[in-house]
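The values are calculated or read from the model by the stated rules, or taken from the named source; none is laboratory data. Note that the structure is predicted; figures quoted are calculated from it, not measured. As a convention, Cβ positions derive from the backbone with ideal geometry for all residues, glycine included, and neighbour counts pool all protein chains shown.
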Amino acid sequence: MIINKLKTEVEKIPLSIFNDKVDGSNLIAREIASIITQNNEQGERTVLGLATGSSPLLIYKELIRMHLDEGLSFVNVITFNLDEYYPLQADEPQSYHQFMYEHFFNHIDIKKENIHIPDGSLPAYEIDEFCANYDKKIKKSGGIDIQLLGIGRSGHIGFNEPGSTATSTTRMVKLDELTIEDAANDFAGEENVPLRAITMGIKNILKARKIFMVAWGEGKADILQKAVEKDISANVPASFLQNHNDVQIFADEAAASKLSRFQTPWLTGALEWDDQMKKKAVIWLSRKTQKPVLKLTNADYKKEGLTELLKTEGSAYNLNIEIYNQIQRTITGWPGGKPGSKDENRPVCSGTFPKKVIIFSPHPDDDVISMGGTLLRLAEQGHEVHVAYQTSGNIAVFDDDAHRFMDFVKGFSKRFDIAKDQINELHNEITSYIKAKDQGDENSQTLSIKGLIRQGEATSACRFCGIKEENIHFLDLPFYETGNIEKKPIGDEDIQIIVDLLEKIKPDEIFAAGDLQDPHGTHAVCLKAIFEAVNRLKDESWMDDFYFWMYRGAWQEWDIEDIEMAVPISPEELMKKRKAIFKHQSQKDSPVFPGKDQREFWQRAEARNRETAKLYDELGLTEYEAIEAFKQYFIK
């Protein structure tokens, strides 16, 4: 469902913003299908410029459905793909050639001779001629009717990296460091990512009659804002789309979150001043003026464009106190409620004590990384704390760790004279496989060992935090157990596992990861499963006084205006949290999937927690060593 299609005065490219990427993708697919159908009826062909990566996947899925269920024909369609890594053979799993056939071409009735994808296997001396011919083929076909684009974190469209010009044509390019980082997971490490690519140029893209660009997820928010609201710049190649007369951007709420219409809507047009918007505006003003909330003046509000808000409240004095109190009430040292307290303004009322609490952790370390201080506090304050690890995290363990643990098992069996022959045979089989296998390949045995490594680390961390071993739950949701980075869609089997756990424990309070910048999307999938499970149980009587809190992981933090519970962490508790994170030794120093931030997880967590505390301090609240932040989810 489109939630906002109006273009503000600061936006230089039209946007359609959706609740989620499924709705947006389906709309794009229908637009493409409509043009194809119209051209088919007139006996004309349709030329599509196609993109790869995660952004267009749902579009291709819907077009396939329309082909199979509604008879949409691609017989008269010609396609030109934007790009390909170089050097890379077409049959390698990371190639865009493989991607397109696997996710689209193999499932529709397109003619093979109408498919055009840059060839990453050519010798270097043939590249220039190939690129020139690629442009000629586009021109000979009549030009591109619809160009589909994603946007990279570097601002690239295709592989037109920063520095590309509006006159660039199909050519060989050097990949930006951000692009290489983003591709690292697909290639099992940055060192395996090709340094170059062949890409259609910006000049080619801008010649398309219609352009659809998609942006999904919070990871695209910063660059989308620059492309849409800032001046055209070669440093942000997507900004060249401002010069096209028929371009439309499709984004979800997360990708659009940094646009001025959401960050500072009072500067882009009229709006209704509800409580959340007032809080957002006052916090923004406090940070912009570098004044604590209670020191803001009428003059500050007027100078920064908040006169309308001032009129609705009467004076800065009253408004400041109102917002200060709202922020102050988010702070609590009792995340499970303070026994015997009558303070209804606390994030969690006293109510039942001790509470039954479930902390859902997508991977076997997100709990202590993201909310280790709060976990420790809940356990120390006497609540019945359960930790539920939703996935095994088995692909995030180095082969060397698996080899080392097999050496331990072999030594253990020898020392204690237990199943020596059987263990020795298994050791030889597994270690031989590890030595011979290609990077990224896994079999069920190595995955099982890696899963056990992570399970043992999680158990050790929970034990350190005072969690009873019978309260540690390894759910091993089936969607994750593919053995590859790419996972299956969430299914009913996954949801039912969570439903069963909730029904068994009947918690008073749950915590779940609301971090949507996890590199593989696992956090988002795990959260979706919890939402669905809770929704199925919402009419149960034990959910009448139920709290559902979302924390964020190693990748990001809630905006301060969205924080609804802030748990202060003392220096001693922060050190204890660090030690809990250290129990996850396979993820320490240099994890398999570090993401964009090269710091260790404990370093990121502490920096983020200290930064949150600093923000509260700057707003005029009590100064704490660190703060863990949560946002409440209300069941609809």
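Of all residues in the range 373-398, those satisfying the criterion of being assigned to a loop (DSSP other than H, G, I, E, B), surrounded by fewer than 24 Cβ atoms within 10 Å (Cβ to Cβ) and not aromatic (Phe, Trp, Tyr) are Gln381, Gly382, His383. Among the residues of the range 431-479, the one identified as hydroxyl-bearing (Ser, Thr, Tyr), under 27 Å from Ala379 (Cβ atoms) and in contact (Cβ under 8 Å) with a residue 24 or more places away in the chain is Ser460. Screening the range 278-301 for residues that are of a type in the set (A, V, I, L, M) and touching an Asp or Glu at 6+ places or on another chain (Cβ under 7 Å) and picking the one that is surrounded by the most Cβ atoms within 10 Å (Cβ to Cβ) gives Leu285. Residues in the range 346-372 that are in contact with a helix residue (DSSP H, G or I) (Cβ under 8 Å, 6 or more places away or on another chain) and surrounded by fewer than 19 Cβ atoms within 10 Å (Cβ to Cβ): Lys356 only. The condition of being modelled with pLDDT of 95 or more and either buried (at least 24 other Cβ atoms within 10 Å of the Cβ) or part of a helix (DSSP H, G or I) (or both) does not hold for Asp401. The set of residues in the range 191-241 being without any contact (Cβ under 8 Å) to a residue 12 or more places away in the chain and part of a loop (DSSP other than H, G, I, E, B) consists of Lys230, Asp231, Ile232.
Within the range 301-311, the set of residues being more than 20 Å from Ile327 (Cα to Cα) and assigned to a helix (DSSP H, G or I) comprises Lys302, Lys303, Thr307, Glu308, Lys311. Whenever a residue of the range 263-278 is touching a residue at least 60 places away in the same chain (Cβ under 8 Å), its partners that are part of a helix (DSSP H, G or I), lying with C-beta atoms within less than 6 angstrom and at least six residues away or across chains, give the pairs Thr268/Ser260; Thr268/Arg261. Consider Lys12 carefully, then state whether it is among the basic types (Lys, Arg), over 23 Å from Ile205 (Cα atoms) and either within 28 Å of the chain's Cα centre (by Cα) or surrounded by 16 or more Cβ atoms within 10 Å (Cβ to Cβ) (or both). No, not satisfied.
Quick check on Lys631: is it over 29 Å from Glu177 (Cα atoms), in contact with a helix residue (DSSP H, G or I) (Cβ under 8 Å, 6 or more places away or on another chain) and not hydroxyl-bearing (Ser, Thr, Tyr)?
In short, yes.
Restricting to the range 457-482, name every residue that is closer than 12 Å to His584 by Cα and either among the acidic types (Asp, Glu) or over 27 Å from the mean Cα position of the chain (by Cα) (or both).
Across the range 457-482, the qualifying residues are Glu457, Ser460, Phe464.
Scanning the range 242-290 for residues that are among the polar types (S, T, N, Q), assigned to a loop (DSSP other than H, G, I, E, B) and touching a helix residue (DSSP H, G or I) at 6+ places or on another chain (Cβ under 6 Å) returns Ser257, Thr268.
Pick from the range 430-488 the residues that are assigned to a loop (DSSP other than H, G, I, E, B) and among the aliphatic types (A, V, I, L, M): which of them is modelled with the lowest pLDDT?
Per the criteria, the residue is Ile485.
Residues of the range 170-190 that are over 24 Å from the mean Cα position of the chain (by Cα) and either part of a helix (DSSP H, G or I) or free of Cβ contacts under 8 Å to residues at least 24 places away in the same chain (or both): Lys174 alone.
The residue list Ile127, Ile115 contains one member that is under 15 Å from Thr52 (Cβ atoms) and among the β-branched types (Val, Ile, Thr), which is Ile115.
Here's the yes/no breakdown for (1) within 30 Å of Glu557 (Cβ to Cβ); (2) at pLDDT below 95; (3) hydrophobic (A, V, I, L, M, F, W, C):
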residue	(1), (2), (3)
Phe159	no, no, yes
Ala188	yes, yes, yes
Thr199	no, no, no
Leu241	no, no, yes
Arg261	yes, yes, no
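Does the range 354-365 include one or more residues that are of a type in the set (A, V, I, L, M, F, W, C), out of contact with any Pro (no Cβ under 7 Å at 6 or more places or on another chain) and closer than 26 Å to Gln455 by Cβ? Within the range 354-365 (the criterion being of a type in the set (A, V, I, L, M, F, W, C), out of contact with any Pro (no Cβ under 7 Å at 6 or more places or on another chain) and closer than 26 Å to Gln455 by Cβ), the answer is yes, since at least one residue qualifies.
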